[in-house]
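The block underneath contains the structure these notes are about, expressed in structure tokens.
Bear in mind that the values in this text are calculations on the coordinates, not laboratory data. The shown structure was predicted, so the numbers you read here are calculated from the model rather than taken from an experiment. All Cβ positions, even for glycine, are placed from backbone atoms using ideal geometry, and neighbour counts span all protein chains on display.
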Amino acid sequence: MNAVQRTFARVLLRLIFPCTDVTRLVSESMDGTLPFFKRLRVRSHLYLCVWCRRFSEQLSFLRDALRRHPERLEHQDIPPPSGLSPEARHRLKQALSSPER
Amino acid sequence: MDKEGLSDPRDWVDKHGDYLYRCAILRVRDQGVAEEIVQETFLAALQAKGRFAGQSTERSWLVGILKHKVVDHFRKSSREQTNPASDLAGSALPDLFDDSGHWKGEAAGPKEWANPSGAVDRKEFWEVMKRCLGELPPRSASVFSLREIDEVSSEEICAMLNLTKANLWVILHRARAQLRHCLEVHYLGRTG
């Protein structure tokens, strides 16, 4: 790379953010709307950077998978214990068997 | 007499107790707190029994109540929490960026995932997911579950946990990045 190219690359990166910023902003955009120019710069970066593009797609995929199948996590056994302790079970049964209102 | 669609509350513990406990522990990561939330859920359900509309199953009705109880728990505990910096401690994400803020080459950059949409149907994927969620710092895991699983808005989470928006974004970003990396290393990015 000659000096001109280097300068050009530096200016370009400055315009479209480094990957650290883009990954942060990609995540932020999942919790609210980014201001127009930030959004534009993020999009330009994603157009040019395959890693950040994957990062973005993969976060969306994970959100989608979790929201569509929350029961898949709840069905899993979570060690240990994977359910109520005997004491808690006993206490709950007592609470629920008191005379109904 | 019980309204049509709801079973005898005395059977609830056997029928739904463990399931509700798992829903709670997924969100609060503490056995005692989870058991307390299950108890509050049952008691609230007992009181609201007359209002069960029969539009959902008994279980999903109970899970709905439980989610509210989880939110109540965070609201209460945030008043006691004074150190938001502790949310950020203990992240297990390796540094994947170089000094200029770019991915550290091929090894650090996100890989292409093999058939992710097929993975959601496989048990192994969810086992790895669960393990990776378990590696998040406890409070980050709770924040992450509220946002990504329960779809609570960021405004609500901030109010609930007494966090600034910037703080919340940092927590969520780290949690997402760590989870993504963990799933890639242990499942989705594996070739062959």
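Look at (1) surrounded by fewer than 21 Cβ atoms within 10 Å (Cβ to Cβ); (2) in contact (Cβ under 8 Å) with a residue 12 or more places away in the chain; (3) more than 24 Å from A:Trp51 (Cβ to Cβ); (4) facing chain A (nearest Cβ under 8 Å) and you find that B:Glu184 fails only one, number (3). Residues considered: B:Gly50, B:Gly5, B:Gly54, B:Gly64. Of these, the only one that is out of contact with any Asp or Glu (no Cβ under 9 Å at 6 or more places or on another chain) and either within 25 Å of B:Leu133 (Cβ to Cβ) or outside any helix (DSSP H, G or I) (or both) is B:Gly64. The single residue among B:Ala34, B:Ala44 that is closer than 17 Å to A:Ala95 by Cβ, more than 10 Å from every other protein chain (Cβ to nearest Cβ) and in a helix (DSSP H, G or I) turns out to be B:Ala44. Across the range B:8-26, the number of residues qualifying as of a type in the set (D, E, K, R), part of a helix (DSSP H, G or I) and closer than 16 Å to B:Lys49 by Cα comes to 2. Apart from one condition, B:Lys69 fits all of (1) within 12 Å of chain A (Cβ to nearest Cβ); (2) of a type outside the set (Gly, Ala, Ser); (3) crowded, with 17+ Cβ neighbours inside 10 Å; the exception is (1).
Here B:Ser77 fulfils each of the conditions (1) among the polar types (S, T, N, Q); (2) under 26 Å from B:Glu135 (Cβ atoms); (3) facing chain A (nearest Cβ under 10 Å) apart from (3).
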